[in-house]
């Protein structure tokens, strides 16, 4: 009985770390998108060029997707609610659309902001459902 409680506690801590990383990555996307003009004024040189480049967006997406998938999967296993994962999937979809060629001027920003907000909302919902009743 005691060993099961310790195992469950360790599992919950790992899940909290993954969920926290996923929320942080989503918030990073949002902050990047909204604060980029200010950052470009304050951080000249190579940092500004990287933050403005397409490479940054691909690197950010490569960090967001695996952490989101892991967090939503672990949450689903615990609470069996699909809504957080579907909201997160829609958010990831928006981030992917933002990187597609041929979009209208300014559409990248709108898709990135919408996707980031959906991811943050999904992660928040996931976190609350996971920790409900604890």
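Any read-out appearing in this document is the output of simple, stated calculations on the displayed coordinates, not a laboratory observation. What you are looking at is a predicted structure, and each value in this text was computed from that prediction instead of being measured. Here the Cβ is made from the backbone with ideal geometry for all residues, glycine too, and neighbour counts use every protein chain on show.
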Problem - At R0 = 30 Å, FRET efficiency that the Cβ-Cβ distance of residue 81 and residue 24 yields, to 0.05 - result: 0.85
Completion exercise
Taking 58, 76 and counting other beta carbon atoms within 10 angstrom, the fewest-first order is 58, 76
Practice task
Can you figure out the FRET efficiency of residue 132 with residue 100, using R₀ = 30 Å and their beta-carbon distance, to the nearest 0.05?
Solution key: 0.20
Fill in the blank from the handout: Ranked from fewest to most other Cβ atoms within 10 Å of their own Cβ, 56, 72, 111 fall in the order 56, 111, 72
